[in-house]
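Since every read-out is calculated from the coordinates, none of them should be taken as a lab result. As the structure is a computational prediction, the values presented were derived from the model and not from experiment. Cβ placement follows ideal geometry from the backbone for every residue including glycine, while neighbour counts extend to all protein chains displayed.
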Amino acid sequence: MKLFEMTMGENDGVYAMSLVEAPATEEQFIALATDVQKEIKLSTLVEDKQILIGAALVPEKPIFRAGQDGNEDYYIYFSKQTVAQAAQDFVKNGMQSNFTLEHGQKVDGVNVIESWIVEDEKNDKSRSYGLDVPKGTWMLMSKVEDTNLWKDYVKGNKVFGYSLEGKFGSEVRRELSDDRLDSVVNNITKAVKDYYNN
């Protein structure tokens, strides 16, 4: 199975974030509120600041993609450099208020209020929110102004993470070895089982 590195050319980049039930990065956000913490599936809710914190993109992490129109399945990944460039361009190009639900319906009232790259895994602010992500991860904090969206989708357990929308080039980098492919498939299978068992 082939593994493609996603690259950024002059006209490439992230043009929106989507709030989704099953993020391809397999990283879920936490939902912040005020005083009391409650478990909501794999997200944490702290009664109602209406702030989401999570990984937008994790470097060097193989992401499975199903082949279309008879083409074979494959994996993609983003280098640390591409993740950093995507994060910078997202802010530079003023995309902080471009949000959708499940890569479809455009939603208003959601805005990125912080965007950063994890530089130190142990001391990054993501740790203080209970998130364990590797160095080079692009983190987002967003404010959900729309109370109905917060109630229906975040508290309603319909969205659990960010998923980017963008245009990227790709180059064939290598095919996964059988051992690496087995490891990736096992990790994905475990994540799916854990998700549906919680």
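Over segment 56-148, Cα pairs under 8 Å with separation of 6+ residues give a relative contact order of 29 percent.
Grab the other residues whose beta carbon is less than 11 angstrom from that of SER18, score K and R as +1, D and E as -1, and report the net. Could the numbers behind the result be given before it?
Details: positive: LYS106; negative: GLU21, GLU102, GLU165.
It works out to a net charge of -2.
Quick one: Debye curve from the C-alpha atoms of segment 112-177, no solvent, what's log10 I(q)/I(0) at q = 0.13, 0.16, 0.26 Å⁻¹? Listed by q, the Debye log ratios stand at -0.58, -0.80, -1.14.
Considering only Cα-Cα distances, which of the following residue pairs are longer than 27 Å: LYS2/LYS106; LYS92/LYS143; LYS2/LYS80; LYS80/LYS155; LYS80/LYS106; LYS92/LYS155? The answer is LYS2/LYS106; LYS80/LYS155; LYS80/LYS106; LYS92/LYS155.
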